[in-house]
Every structure is written in structure tokens, then in C-alpha cells.
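A quick write-up on the structure given underneath.
The values are calculated or read from the model by the stated rules, or taken from the named source; none is laboratory data. These numbers were taken from a predicted model, which means no experiment stands behind them. Here Cβ is always computed from backbone atoms with ideal geometry, including for glycine, and neighbour counts include all displayed protein chains. Ligands, DNA and RNA are excluded from the accessible area calculation, which covers all protein heavy atoms including side chains. Shrake-Rupley method; radii C 1.70, N 1.55, O 1.52, S 1.80 Å.
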Amino acid sequence: MSLPITECVNCSKGAIILPHIPSPRPICPTCPTGPTGPTGPTGATGATGATGATGATGATGATGATGATGATGATGATGATGATGATGATGATGATGATGATGATGATGATGATGATGATGATGVCNCCPETGELVVNGGMEVFQAPPNSNVPIGWLANNNTLVAPESGQGNVHSGNFSVALSNGAQLCQTINGITPGCFFAFDFFAKAQGGTVGLTATVTFNTPGGGVPDGTITVRSGDIPTQNNVFNFYRIFTIAAPPGTTSATICFNVTSNGQQVLYLDDVSFAAQ
């Protein structure tokens, strides 16, 4: 059971005296705190008390931001070299470099001793053609026959003596004192003996024309027991033979091998022209090669 209050404080009027009630006294309700009065002057500082016992260490605070890096210290002394590690695996071979310049040639070594001479081989068989030299008679046209064939060079045969004549005019002779002039339709031939079967021959001559319509055909025929075997031919068209004074063309062919049984060869010159135009022929040659 509650006891009656004997004294309480009226918050606005001060204390209120209640009827006397024996102890224990009742607990009065707490009045509101009044406004704080002005602070009084600070009293003199008392003597410092004894230091209390050190409290327990508080929890570690969060790590502060990293400070700026300090200056680099001096390099320490080099430590002792460690043991060499095991050799690593060999790497792949690199690409081949460019070839270097060729070095200087070394000195030539001493010549070795000459070896023994080998045995002499058997003597070969020579199927050579004899050195016959020039085979044409009077190829330079320097000598002519006696009358009535005085127009024809010695050693030659003409189809018509009136179409052949000696020529000594300035610029119309290749060498010596004479050439032979052949008119339209003339044929001049010579048969050459002493031909060796199987041999090759060179047939050549010099010629020029008097007029632009002169043409020439020169032939070689090998004579055998079975008849004539035509071989080389030189054909010069009309208009292709030089007509200038002192200008001769040189013409040459090489025959095939003379057929078996050949006993001689016949060379012939056949001329075509208009009017009085003629061919000048000189220095005819036929020789084994």
C-alpha cells in the first residue's frame, strides 16, 4: 500500500507541505530543470591528481594514407655472385645470315709431280682430202686461146664464141690485166679433173655488170660413171649485181661431199641480159676443203 506524501515541491510555487506522514517519506514527482544560470568565474586550478592507471589499449585505428616515397638510399655493396644456374635449353637456330665477302685467294700450292705418260693410242685412220690447191685452169682469165677462138679464155669452153670476149677496160677487171665479158645467152664452162670422192669443195668468183638487167646462174656438177650429179648453184637476179666502176661482188658456195665414183666436176656460168649489157667475170676458184 502506498504511503501518503508529507512534503513535495511545487515546481512553480516552491515547496508544498503535506500533512505529516511518517517515514519513509514518499517520492515526489521531479520538477522540470530550470534554465542554466550564468557561469560563475573559474575557480583556481586544483593540484593535479595522481596519474590514474593506464587504460586498456584501444583498438588499432584504420591505416593512414601512404606517405610520399622517401629519397633512395645509397646503393648497398654488391652481394656475392650466386652459383651459376643450369644451362637452359638451346633456342631454335636463327635464320642464316648473308654470305660474307669472298676471302682473298690463298697462295698457289706447289705443282705436283708430273704423272707417268700414258701409252700411245693406236694411229687413227685419216680419210682426209688431198691438198690439191687451186683446181681451176686460168681462173684469172689472163690468157685467151689462139684464133679462131681468141675470145675464149684458155681452159674454158663457150657455147658461142661471139658471146664471149676478153675485157681489159679500167674498172672492169678485178685483178691482173683481163677479165672475161659474157653477153646475153652466153655459157662458159670448165671440166676439172682430179676430184676425190667424199671431199668437199669451195666454188667462188668475182663479178660485176654493165647495166641493170644482167642476171647470172653458176653451177657445179659432179661427173660419175652413172652420169652428172648436180650440186651447188649460185643464182644472182638481174639488178642485184653491182654496176659501179671498180666494184666487184664476191660469190661463194661449198659443195656436198663428192659422190662415190666421181672422176671430175664441171663448173658453168650462164648469163642473161638485155641489149648490149654484159657480165664481167674474174678470179674463178674451185678447191678442196
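Points to keep in mind about this one:
- Criterion violated by A288 - all others in (1) touching a Pro at 6+ places or on another chain (Cβ under 9 Å); (2) open to solvent by less than 10 Å² (accessible area, probe 1.4 Å) satisfied: (2)
- Selected residue (criterion: nearest to Q187 (Cα to Cα)) from residues of segment 231-273 that are among the aromatic types (F, W, Y) and not in a loop (DSSP other than H, G, I, E, B): F269
- In segment 162-190, residue surrounded by the most Cβ atoms within 10 Å (Cβ to Cβ) [restricted to those that are under 60 Å from the mean Cα position of the chain (by Cα), assigned to a strand (DSSP E or B) and not small (G, A, S)]: V180
- From the options V137, V125, residue that is in a loop (DSSP other than H, G, I, E, B) and modelled with pLDDT of 90 or more: V137
- Cβ pairs under 9 Å, 6+ apart, first in segment 132-154 and under 15 Å from N193 (Cβ atoms), second surrounded by fewer than 13 Cβ atoms within 10 Å (Cβ to Cβ): T132/G194; L135/N193; L135/G194
- A Cβ distance below 6 Å, combined with a sequence gap of six or more or placement on separate chains, defines the contacts here; from segment 182-203, residues that are under 28 Å from S238 (Cβ atoms) and in contact (Cβ under 8 Å) with a residue 24 or more places away in the chain reach residues that are in a loop (DSSP other than H, G, I, E, B) and of a type in the set (S, T, Y) in the pairs N184/S273; F201/T255.
- Among the residues of segment 191-226, the ones that are open to solvent by less than 30 Å² (accessible area, probe 1.4 Å), out of contact with any Pro (no Cβ under 9 Å at 6 or more places or on another chain) and in a strand (DSSP E or B) come to 9 in all.
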